[in-house]
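Asker: Take this structure first; my questions come after.
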Amino acid sequence: MDRDRLRELLEAHRRGDVATEEALERLAALPYVDVEHARVDTHRALRHGFPEVIYAPGKRPAQIERIAGALRDAGQRVLVTRVSAELAESLGGRIPGARYDAEGRLLLVGEDPPVAGRGTVLVVSAGTADLPVAAEAAGVARFLGNPVETLQDVGVAGIHRLLGEGERLRAARVLIVVAGMEGALPSVVGGLVDRPVLAVPTSVGYGASFGGLAALLGMLNSCASNVAVVNIDNGFGAAYVASLINRL
């Protein structure tokens, strides 16, 4: 249930097209639905504007299937994150209409939403090794109703590759910048634009990168004032916040 569906239900009840008992039955799924091992938050789209998203790691296929089914029964689209190829193959037969984004490790169910974002979300990635996290950010941002563009392999080791894209950088309304190693790219991008920059450190790099900790600390210490940072490899979180900003 989201605001549009609730509004349609209330208007239909006001016109007499939906009986009171039927309206009560539809609302009975609020604010959550109990399934085995989970309480599915069918009310979240009404509160946040976006439906609950399923995080796959640690869940069995049957558990994901039940949660996804509860969301579909509530009339909501389904997004499952961090889905391996093996899990996607297993879930494909369990969840009707599921499609798999292998690069972003996302499983999606439902039609693409109408565009709700007021501008473009640009996902910028430093190197090819950062692409899985960048693809997650791009896929989630599209799922949440944003026009999305990507700019790949423009890390600071070849800064001229980035500087040649100034027009695209300035045209975006929100930028998600994904980088590992020392994590310098978000600061550079932040210094070139007057837009919010959401920095995503990745666990890419040699030993002293400490699994992305070096990039995280570098981004947290950015001298560009328009840079905010999410957790290591958290393309989902960056896309979610970017979507909220883009709807303002």
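Asker: Would you call Val189 touching a residue at least 60 places away in the same chain (Cβ under 8 Å) and in contact with an Asp or Glu (Cβ under 7 Å, 6 or more places away or on another chain)?
Answerer: Taking the combined requirement at face value, the residue does not satisfy it.
Asker: Going by what's in this entry, would Val80 be described as under 24 Å from Gly205 (Cβ atoms), assigned to a strand (DSSP E or B) and of a type outside the set (Phe, Trp, Tyr)? Show your work before the answer.
Answerer: On the way: under 24 Å from Gly205 (Cβ atoms): no; assigned to a strand (DSSP E or B): yes; of a type outside the set (Phe, Trp, Tyr): yes.
Answer is no for this residue.
Asker: What pairs can you find where one residue is in the stretch 236-248 and closer than 17 Å to Thr150 by Cβ and assigned by TED's automatic domain parsing to the domain that holds Ala138, the other is crowded, with 20+ Cβ neighbours inside 10 Å and charged (D, E, K, R), and their Cβ atoms are less than 8 Å apart, with a gap of 6+ or different chains?
Answerer: The qualifying pairs are Phe236/Glu136; Ala239/Glu136.
Asker: Which of the following residues is outside the structural domain of Phe143 (by TED's automatic domain parsing), of a type in the set (A, V, I, L, M, F, W, C), surrounded by 13 or more Cβ atoms within 10 Å (Cβ to Cβ) and closer than 21 Å to Leu244 by Cβ: Leu79, Leu91? Don't jump to the end; show me each part of the working.
Answerer: Working: Leu91 fails: closer than 21 Å to Leu244 by Cβ.
Unique residue meeting the criteria: Leu79.
Asker: Ok, one more. Which residue pairs have Cβ atoms closer than 6 Å, lie 6 or more positions apart in sequence or on different chains, and pair a first residue in the stretch 94-123 that is buried (at least 17 other Cβ atoms within 10 Å of the Cβ) with a second residue that is among the aromatic types (Phe, Trp, Tyr)?
Answerer: These pairs meet every condition: Leu107/Tyr100.
Asker: Checking the structure you have, find out if any residue of the stretch 64-75 is at pLDDT 80 or above, acidic (Asp, Glu), touching a helix residue (DSSP H, G or I) at 6+ places or on another chain (Cβ under 8 Å) and part of a helix (DSSP H, G or I).
Answerer: If we filter the stretch 64-75 for residues that are at pLDDT 80 or above, which is where we start, we get 64-72.
So of that shortlist, the ones also acidic (Asp, Glu) come out as 65.
Narrowing further to those that are touching a helix residue (DSSP H, G or I) at 6+ places or on another chain (Cβ under 8 Å): 65.
Filter again for part of a helix (DSSP H, G or I), leaving 65.
The answer is yes; a qualifying residue exists.
Asker: Quickly run through the stretch 206-216 and pick out the residues that are touching a residue at least 24 places away in the same chain (Cβ under 8 Å) and aliphatic (A, V, I, L, M).
Answerer: Selection gives Ala214, Ala215, Leu216.
Asker: Look through the stretch 213-246, keep the residues that are assigned to a helix (DSSP H, G or I) and of a type in the set (Val, Ile, Thr), and return whichever of them is surrounded by the fewest Cβ atoms within 10 Å (Cβ to Cβ). Talk me through it step by step, then tell me what you get.
Answerer: Step one: list which residues in the stretch 213-246 are assigned to a helix (DSSP H, G or I), which gives 213-220, 235-246.
Those left that are additionally of a type in the set (Val, Ile, Thr): 241, 245.
Numbers: Val241: 17, Ile245: 19.
Result: Val241.
The values are calculated or read from the model by the stated rules, or taken from the named source; none is laboratory data. Bear in mind that the values here come from a model prediction, so they are computed numbers and not experimental data. Positions of Cβ are backbone-derived with ideal geometry, glycine not excepted, and every protein chain shown enters the neighbour counts.
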